[in-house]
Amino acid sequence: MTVTVTADMVMSLDGYIAGTGHSVANPAGHGADRIGGWIHAQSSWRERSGMTGGEADQDSDIMREWFETTGAVVMGRHMYDSGADFWGEDPPFRAPVFVLTNRPGSTLVKEGGTSFTFVTDGIHSALDRAKAVSGGRSVDIAGGADTVQRYLRARLVDELQLHVIPTLLGAGLRLFDNLGTDTHDLEPVRVVDTPGATHVKYRVLKWRRRKPAPGHDLAAVMY
């Protein structure tokens, strides 16, 4: 069974997922309230987090789609440390979460089907373990930026969905830094434009290097 690996990220129009001064205590950074606020305003997110109210619109439907199609999650330790207190005892994932870390720890079982397993032996191990328990649904690389970049560099992401908020941060944590010099080509699958965001889903085209023929430059072949 083929399991789709996704990355689903909210970002500003100029490519930032957090403002300056971002930290565990202030994961959104300075001036990035619009980015986190977009998520927390959706009724689907609020419902999943044990709250009421929120916007019941097309943005919320797209967030609900993520919940319904995701069977397991991979995230970095920084994202876990930033969110653990906020998520509380009933996190919104409702699925196994694998946390990349160099600090081993026992699996934490939360309410609603969420568990946090701490993986110390790399991105491939975390992804393999997530796929094994995903029930055939997608495995989402939830973040933060460094974790998504590592999986993109390793050519392990199949679909990338960006929720682009119409705001310019000017500085902060960029999503697409540190990807190396190889080409990363994307094929648009869906574009949904709403007053709150432009949602663009891409299929990530996979490339492999091949040994060039004598006298030719190094080439890349899509497969």
Only unsatisfied item for G50, checking (1) of a type outside the set (K, R); (2) crowded, with 17+ Cβ neighbours inside 10 Å; (3) in contact (Cβ under 8 Å) with a residue 40 or more places away in the chain; (4) touching an Asp or Glu at 6+ places or on another chain (Cβ under 6 Å), is (2)
Picked from the range 173-212 (must be among the hydroxyl-bearing types (S, T, Y) and modelled with pLDDT under 90), the residue most open to solvent (accessible area, probe 1.4 Å) is T181
In the range 103-119, anything open to solvent by 30 Å² or more (accessible area, probe 1.4 Å) and out of contact with any Ser or Thr (no Cβ under 6 Å at 6 or more places or on another chain) is listed as R103, G105, S106, L108, K110, E111, G112, G113
Scanning the range 120-172 residue by residue, the ones that are open to solvent by 50 Å² or more (accessible area, probe 1.4 Å), out of contact with any Lys or Arg (no Cβ under 7 Å at 6 or more places or on another chain) and not small (G, A, S) total 13
Counting only residues that are of a type in the set (A, V, I, L, M) and open to solvent by 40 Å² or more (accessible area, probe 1.4 Å), the range 1-38 contains a total of 4
The condition of being open to solvent by 70 Å² or more (accessible area, probe 1.4 Å) and either closer than 17 Å to D8 by Cβ or among the basic types (K, R) (or both) holds, among R64, R77, only for R64
Scanning the range 69-123 for residues that are charged (D, E, K, R), assigned to a loop (DSSP other than H, G, I, E, B) and without any contact (Cβ under 8 Å) to a residue 12 or more places away in the chain gives D121
Only one of (1) among the β-branched types (V, I, T); (2) free of Cβ contacts under 8 Å to residues at least 24 places away in the same chain; (3) part of a helix (DSSP H, G or I) does not apply to I62, and that is (2)
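V157: in a loop (DSSP other than H, G, I, E, B) and closer than 20 Å to R137 by Cβ, yes or no?
Spelling it out, V157 is indeed in a loop (DSSP other than H, G, I, E, B) and closer than 20 Å to R137 by Cβ.
The values are calculated or read from the model by the stated rules, or taken from the named source; none is laboratory data. Since we're looking at a predicted model, the values are computed, not measured. Backbone-built Cβ (ideal geometry, glycine too); neighbour counts: all protein chains shown. Note: accessible area is taken over every heavy atom of the protein model, side chains too, but ligands, DNA and RNA are not part of it. Shrake-Rupley method; radii C 1.70, N 1.55, O 1.52, S 1.80 Å.
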